[in-house]
Amino acid sequence: MAVNAGSTYENDDQQGLAHFCEHMAFNGTENFKKNDLVNYLESVGTKFGPHLNAYTSFDETVYMLQLPTDSEKILAKGFQVLEDWAHNLSFDDQEIEKERGVVISERRNGLGASERMNQKIWPILFKDSRYAVRLPIGKLDVLEKCKHETLKQFYLDWYRPDLMAVIAVGDFDMDKVEKLIRDHFTAIPSKQNPRPTQKFEVPDNNELLIAKATDKEYPYTVIGFDIKLPREKPLNQQDLRKQLGYELYNSMIGERVNELIQQADPPFTYASINYGSSYVRTRSQYTGFAIVKETGIERGLTALLEENERVKRFGFTESELKREKLSLMRNIEKQYNERDKTESRNLVNDFVDNFLTNEPAPSIEFVYEFYKKYLDTVTLDEINALAKKWYSNDGKNMVITVQAPEKPEVIIPSDEKIKSILQDISKKDLKPYEDKATDKPLMAVKPQPGKIATERKIGELNVTELVLTNGIKVILKPTDFKNDEILFSASALGGTSLVSDKDYSSALLAASLVDEGGLAEFDNITLLKMLSGKIVSVSPAISELTESFNGNCSPVDVETALQLINLYFTSPRKDPTAFASLMERYKSFIENRKSDPATAFNDTIQVTMAQYNNRKRPFTIDQLKEVDLDKAFEIYKERFSDPGDFSFYFVGNFKVDELKPMIETYLGSLPAKGKKETWKDNNERYPKGVIQKTVKRGIEPKSTVHIEYTGDAEYNMKNRMLFNALNKLLNIKLREAIREDKGGTYGVSVYGGVNHYPVQDYSVVISFNCDPKNVSDLTKTAYEVLDKIKKDGVDEKDMVKIKETFRREFEVNFKENRYWLSSLSIRYFDNENPLTILDAPKMAEALTSEEIKKAAIQYLNPKNCAKFILMPEK
């Protein structure tokens, strides 16, 4: 359900109440008293957060509800929920006071350096507009002191039929759902003498505006520009054709800044330039931003502006345009191929935008035919004219922003200097861009194929197991879940565990360095250009216990994917330029990481729970200096030297008999040495006993509580299921107690489970943010919840929620390639029977309250528990 009203419609005494009002939708309606709504939806398998949520922005409020459609009763009740949201919220006095704490806690979660800097930047970015003074999160004094009637009034004023729409997408009978909508929403009365709606403009600025902000807790240095432009809405096919040019422009300038990032001494470590919708409805914007070294503000800003000037003067090249047209068309083809498998939530978003902003929502069939007809008609001259239309050095409607850590070595340029950089760009002697590409094939000569030594089929899973003559094992599961998708992974035992402490830092980055270096004779930039128009991704990785690959591809590009895998084994490329670039980028990201209180807190948890094991230290500049290119490349080659140790998994839309020859060619041809490796135990263990630590960092009144239970546990499927069920239960009960009853936090996070290697153990983590004054009380409440579970087990209501959530998860998961890829790789890696995948739903259904109670008693052991608390410095 979309409401065409957000924070811009708030009165002065309502700042933050549009968002507060959204929260109240989950705290009592005419047909769902207090927390009955969440309880009911959880009982039918709808999870609070992923499936049941809402958001409030400047201009709208949108509620999202995902329901199963195999029960007409559940579906009908879903529309009752929507109707209640539309005009039947209760606004119970007690519930308002409880939720007041939750909303304030959500606001508190956002406090920190970024928010403090936004408070300086946004009023300049939206100068003299309503948006500058109506940030959706609102003002603290309003949230703390607003009268209940003031909150209700926002709902009464703006939740009304002429500003609302109901959008339904899913596996249902259209006529029945339309009737449900009419039955529930036709009778909602229109408002008499409704408050008039408004269009909030962001005024032009005739001269350059500059917004600067520094903060001692900010970990990055960021520069950027925003140019305000008239809002464009595609109203006809001619407008839609223009947008093809916009997409091509964005892609091409994006590729150019990506090339700059890959220089040995890059002017920025991340950058983006883009034309598109603004933060606000009444403007489009041309914007660019970059993360730079803390001593590289002027250089980074100059480079970002220069690249726009280069495009404005010389335009793009025909070869760039040809590549981007190929890629754009291929992406549309993929969407078209998946038209009968598109997720409902993706379509819902299109229709929400259509209602809120009149954004067209054509079918993918229309879009596909439109692209086929018009994409090739978009000329280079048309696209090159866009830079002259969007970008100018005169400062009109432009805002330049600088955000940086507050420290002596960071020199923020003066306003005069920034203005001179902008003005001087137009006088610079710039060179046209040279498009260095190649028409060489990825592999000039195909390798001599190997053979399949053995083949076995598992009919119940539709899985084929292959063992190649070089020892590689290949697990194949063809599916029809997606029409244009194949997912794959591979792993072998060893990883960084086999590397000495002296070389550990080099090992950590070895795979990234190779990935950045390209393959064979092709550097990374050239390689990416060669893959234009293909949907394929392959990435190597080296973790603690394994070396591996992960990737995906379109069925038509599976041979390219296999060629890339082959080359990662046989022809990794050592590139000093890529190494230097990556080191500079890492340095930029980590040089101020400790200034962030949350990072310092998490570092403390990490090293403590690893008992200060050298391999678990937080990555620092000193550790970065230990990385050696030659050593890293040597480690990579050694870890991937024997493909015969690897197991590969392919899941997706392929035919086994068509894939087998390619597997023989590109995997079967890999030379194997016949050695069988395993990982080394480097004695990484959780600490024993009770640990309590308080970290004092940060200036905001914000605390974090992190409780972690650890110990020994047998790794098996039953225990994995029990930990999953225990996590689900804890999420429900802690949310009810700490968020809903006490209003003490925005949310509680519970995660963890049982581990297999290097030893069989477990961890369960409970974490939440709160007001420092409430740490003791809320922590006590959390422990009381755990004690009650240990004493009483799980009541019938919560067992229904847990089992129904499991059932719905399996219902969805069993039709997803990613779930099958993960499940198969886990079973084979752990030497378990893959048929146990099919046992999971029955095992979940058979869980009992007593089993979960015993698990809570055994694993939530107060004698083996660590508690970490982040408190402000003062």
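Of the residues Ser497, Ser506, which single one is within 30 Å of Leu260 (Cβ to Cβ) and outside any strand (DSSP E or B)?
It is Ser506.
Among Thr295, Thr282, which is the only one that is in contact with a Lys or Arg (Cβ under 6 Å, 6 or more places away or on another chain) and surrounded by fewer than 19 Cβ atoms within 10 Å (Cβ to Cβ)?
None of the other options fit; the residue is Thr282.
Of all residues in segment 598-620, which are charged (D, E, K, R), part of a helix (DSSP H, G or I) and open to solvent by 40 Å² or more (accessible area, probe 1.4 Å)?
The answer is Lys616, and nothing else.
Residue pairs, Cβ under 7 Å, 6 or more apart or interchain, first in segment 443-463 and open to solvent by 100 Å² or more (accessible area, probe 1.4 Å), second of a type in the set (Gly, Ala, Ser). List them.
Hits for this filter: Gln448/Ser669; Lys451/Gly668.
Is there any pair with a first residue in segment 293-316 that is in contact (Cβ under 8 Å) with a residue 40 or more places away in the chain and a second that is of a type in the set (Gly, Ala, Ser) and surrounded by fewer than 19 Cβ atoms within 10 Å (Cβ to Cβ) whose Cβ atoms are under 8 Å apart and which are 6 or more apart or on different chains, and what are they?
Note: pairs meeting the criteria are Glu309/Ser426.
Would you pick out the residues in segment 338-373 that are of a type in the set (Ser, Thr, Tyr) and buried (at least 16 other Cβ atoms within 10 Å of the Cβ)?
Tyr368, Tyr371
Considering only segment 525-565, state which residues are out of contact with any helix residue (DSSP H, G or I) (no Cβ under 6 Å at 6 or more places or on another chain) and either over 21 Å from Phe648 (Cα atoms) or basic (Lys, Arg) (or both).
The answer is Thr526, Leu527, Leu528, Lys529, Met530, Leu531.
Of the numbered conditions (1) in contact with an Asp or Glu (Cβ under 8 Å, 6 or more places away or on another chain); (2) within 30 Å of Pro219 (Cβ to Cβ); (3) at pLDDT 95 or above, Lys407 fails exactly one; give the number of that condition.
Result: Lys407 passes all but (3).
Within segment 336-366, work out how many residues are part of a loop (DSSP other than H, G, I, E, B) and at negative phi.
11
Out of Asp712, Asp741, I need the residue that is surrounded by fewer than 16 Cβ atoms within 10 Å (Cβ to Cβ), within 17 Å of Met609 (Cα to Cα) and of a type in the set (D, E, K, R). Which one?
Only one candidate passes the filter, namely Asp712.
With the condition being free of Cβ contacts under 8 Å to residues at least 24 places away in the same chain, I'd like the helices (runs of 4 or more DSSP H) fully within segment 125-236 carrying at least 3 qualifying residues.
Output list reads 174-185.
Test of understanding: among Ile590, Ile621, which residue is free of Cβ contacts under 8 Å to residues at least 60 places away in the same chain and in contact with a Lys or Arg (Cβ under 7 Å, 6 or more places away or on another chain)?
Going through Ile590, Ile621 in turn, the sole match is Ile621.
Confirm whether Glu333 is touching a Phe, Trp or Tyr at 6+ places or on another chain (Cβ under 8 Å), assigned to a helix (DSSP H, G or I), acidic (Asp, Glu) and over 15 Å from Glu255 (Cβ atoms).
So Glu333 passes the test.
Among the residues of segment 262-278, which ones are in contact with a strand residue (DSSP E or B) (Cβ under 7 Å, 6 or more places away or on another chain), among the polar types (S, T, N, Q) and part of a loop (DSSP other than H, G, I, E, B)?
Within segment 262-278, Thr269, Ser278 meet the criteria.
Give segment 63-102 a look and list any residue that's aliphatic (A, V, I, L, M) and either open to solvent by less than 10 Å² (accessible area, probe 1.4 Å) or outside any strand (DSSP E or B) (or both), or say none.
Correct list: Leu67, Ile74, Leu75, Ala76, Val81, Leu82, Ala86, Ile96, Val102.
Test Leu135 against the stated conditions and say whether it is farther than 30 Å from Gln403 by Cβ and among the aliphatic types (A, V, I, L, M).
Against the criterion (farther than 30 Å from Gln403 by Cβ and among the aliphatic types (A, V, I, L, M)), Leu135 does not qualify.
So in segment 4-18, with the set limited to residues that are assigned to a helix (DSSP H, G or I), open to solvent by 10 Å² or more (accessible area, probe 1.4 Å) and touching a helix residue (DSSP H, G or I) at 6+ places or on another chain (Cβ under 8 Å), which one is farthest from Tyr279 (Cα to Cα)?
Of everything passing the filter in segment 4-18, Asp13 is farthest from Tyr279 (Cα to Cα).
Taking only segment 673-692 into account, find how many residues are hydroxyl-bearing (Ser, Thr, Tyr) and surrounded by 15 or more Cβ atoms within 10 Å (Cβ to Cβ).
1
Would you confirm whether or not segment 578-597 contains a residue that is β-branched (Val, Ile, Thr) and either open to solvent by 50 Å² or more (accessible area, probe 1.4 Å) or touching a Cys at 6+ places or on another chain (Cβ under 7 Å) (or both)?
Within segment 578-597, not a single residue is β-branched (Val, Ile, Thr) and either open to solvent by 50 Å² or more (accessible area, probe 1.4 Å) or touching a Cys at 6+ places or on another chain (Cβ under 7 Å) (or both).
So, of the residues in segment 755-780 that are under 25 Å from the mean Cα position of the chain (by Cα) and open to solvent by less than 30 Å² (accessible area, probe 1.4 Å), which turns out to be farthest from Leu545 (Cα to Cα)?
Applying the filter and picking the extreme gives Cys770.
So in segment 125-144, with the set limited to residues that are among the β-branched types (Val, Ile, Thr) and either modelled with pLDDT of 95 or more or within 22 Å of Pro872 (Cα to Cα) (or both), which one is most open to solvent (accessible area, probe 1.4 Å)?
If we take residues in segment 125-144 being among the β-branched types (Val, Ile, Thr) and either modelled with pLDDT of 95 or more or within 22 Å of Pro872 (Cα to Cα) (or both), then Ile137 is most open to solvent (accessible area, probe 1.4 Å).
Condition first: of a type outside the set (D, E, K, R) and open to solvent by 50 Å² or more (accessible area, probe 1.4 Å). Now tell me which residues in segment 781-794 satisfy that.
If the condition is that a residue be of a type outside the set (D, E, K, R) and open to solvent by 50 Å² or more (accessible area, probe 1.4 Å), then Tyr783 is the only one that fits.
Please list, ordered by first then second residue, the pairs with beta carbon atoms under 6 Å, 6 or more apart or interchain, first in segment 238-251 and assigned to a helix (DSSP H, G or I), second modelled with pLDDT under 95.
Final answer for the pair search is Leu240/Pro234; Gln243/Pro234.
Right, Glu684: under 21 Å from Phe601 (Cα atoms), modelled with pLDDT under 95 and either part of a loop (DSSP other than H, G, I, E, B) or among the β-branched types (Val, Ile, Thr) (or both) or not?
yes
Taking the conditions exactly as written (surrounded by 11 or more Cβ atoms within 10 Å (Cβ to Cβ), in contact with a His (Cβ under 8 Å, 6 or more places away or on another chain) and modelled with pLDDT of 95 or more), does Tyr155 satisfy them or not?
It is false that Tyr155 is surrounded by 11 or more Cβ atoms within 10 Å (Cβ to Cβ), in contact with a His (Cβ under 8 Å, 6 or more places away or on another chain) and modelled with pLDDT of 95 or more.
Consider Ile421 carefully, then state whether it is touching a residue at least 12 places away in the same chain (Cβ under 8 Å), assigned to a loop (DSSP other than H, G, I, E, B) and either touching a Ser or Thr at 6+ places or on another chain (Cβ under 8 Å) or open to solvent by 90 Å² or more (accessible area, probe 1.4 Å) (or both).
Criteria not met by Ile421.
Check Ser491 against each of (1) hydroxyl-bearing (Ser, Thr, Tyr); (2) in contact with a strand residue (DSSP E or B) (Cβ under 6 Å, 6 or more places away or on another chain); (3) part of a loop (DSSP other than H, G, I, E, B) and name the one condition it does not meet.
(3)
Could you list, in sequence order, the residues of segment 818-874 that are surrounded by 18 or more Cβ atoms within 10 Å (Cβ to Cβ), aliphatic (A, V, I, L, M) and not in a helix (DSSP H, G or I)?
Leu847, Leu860, Ala866, Ile869, Leu870, Met871
The values are calculated or read from the model by the stated rules, or taken from the named source; none is laboratory data. As the structure is a prediction and not an experimental result, all values here were calculated from the model. Using ideal geometry, Cβ is built from the backbone for each residue, glycine included, and neighbour counts are taken over all protein chains shown. For the accessible areas, the whole protein counts, side chains as well, though only heavy atoms, and no ligand, DNA or RNA atoms are used. Shrake-Rupley method; radii C 1.70, N 1.55, O 1.52, S 1.80 Å.
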